[in-house]
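Reviewing the structure listed below.
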Amino acid sequence: MPATPAWPPKSLPRLFVRVPLGEGATIDLDQRQANYLGNVMRLGVGAEVLLFDGASGEWLGRVEEAGRKRMTLTVGRRTREVEAIPDVWLAFAPVKRTQTDWLVEKATELGAARLMPVITQRTIVERVKTGRLESIAIEAAEQCGRTVLPQIDEPIALARFLDQRDSARTLYFADENGGEPAASSFKAGPALILTGPEGGFTGQERDLIRSAANAVPVSLGPRILRAETAALAGLAAYMAVAGDWRL
Ligand code: SAM
């Protein structure tokens, strides 16, 4: 994928669909998408849209039939191949709903390949609705031009998360008590960034994370960032130093 997106951005609406795309395929949109294209965007028969299915790149679609609650598209040529996404996962302690929604939207735009809610001792949210987070990631991917959605995991307890992780993937632990400066710590290769909740990790959790194999404590600067800011700052710093902002 080019480092600098084509500009000005294409004005065609982009839609994620849950069926495999291919030239000549017919797609029946669900009611929500039909309403969006027909009633909000005011597209009628013959209008063009961009479609992606999360696996086969991006395709040009054409409206064949438009009803009040339904719309049928035919798929034309492929407009883009699947882009390469840096192999970076973001594990974050979920915060309040609005901030978690924001985190997921922005992490999708920044290019996280996988999002992993991790429950810590000071995590205060009781439920994480992954279906809702997936819808937010879809909208962000539609808007920012991604053709592949981030994988969104079910929440997992910190101890289990550490037990199950593959230690070949470097664990960059955002530690507000100090660590390697972000600009010199991120290296190319499979990466996992871990950030804590509003109240931070407990001392016991910090010790556990620091003692995990291939864990690198990282500082995100001299100021204490809010939990959601830290997650996105870590991801942005990774993209600049070791991800696809360098290309
Ligand atoms: N325990 C802290 C306190 O109350 O002073 C606040 C924790 S901070 C709001 C939430 C999380 O963001 C931390 O657990 C850490 O992962 C990350 N974080 C915030 N600022 C950071 C920094 N300057 N360097 C590294 N990580 C940071």
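The residues of the chain have, on average, 52 Å² of accessible surface per residue, using a 1.4 Å probe with all protein chains present.
Computed from Cα positions, the angle between helix 227-241 and the longest principal axis of the chain comes to roughly 80 degrees. FRET efficiency for the pair E139 and R18, taken as 1/(1 + (r/R0)^6) with r the Cβ-Cβ distance and R0 = 22 Å, rounds to 0.95. Placing +1 on the Cβ of every Lys and Arg and -1 on the Cβ of every Asp and Glu, with nothing else charged, gives the stretch 45-199 a dipole about its Cα centre of roughly 360 debye. Between the Cα long axis of helix 130-144 and the first principal axis of the chain there is an angle of about 70°, rounded to the nearest 10.
Each principal axis of the Cα cloud of the stretch 1-147 was evaluated for its coordinate range; sorted largest first, these ranges are 54, 36, 27 Å. Expressed as a whole percent, the accessible area of the chain that falls on carbon and sulfur atoms is 51 (1.4 Å probe). Each of L162, G131, P94 was scored by the projection of its Cα onto the charge dipole of the stretch 65-206, and the greatest displacement toward the positive side belongs to G131; charges sit on the C-beta of Lys, Arg, Asp and Glu. Over all other residues within a Cβ to Cβ distance under 15 Å of A159, the charged ones net out to +2, with Lys and Arg as +1 and Asp and Glu as -1.
Derived value for the chain: Kirkwood hydrodynamic radius 19.4 Å. Basis is the mean of 1/r over every pair of different alpha-carbon atoms.
The values are calculated or read from the model by the stated rules, or taken from the named source; none is laboratory data. Note that this is a predicted model, so its numbers are computed, not measured. For neighbour counting, all protein chains shown are included, and Cβ atoms are generated from backbone atoms with ideal geometry for every residue, glycine included. Protein only, heavy atoms only, side chains kept; ligands, DNA and RNA dropped before computing areas. Shrake-Rupley method; radii C 1.70, N 1.55, O 1.52, S 1.80 Å.
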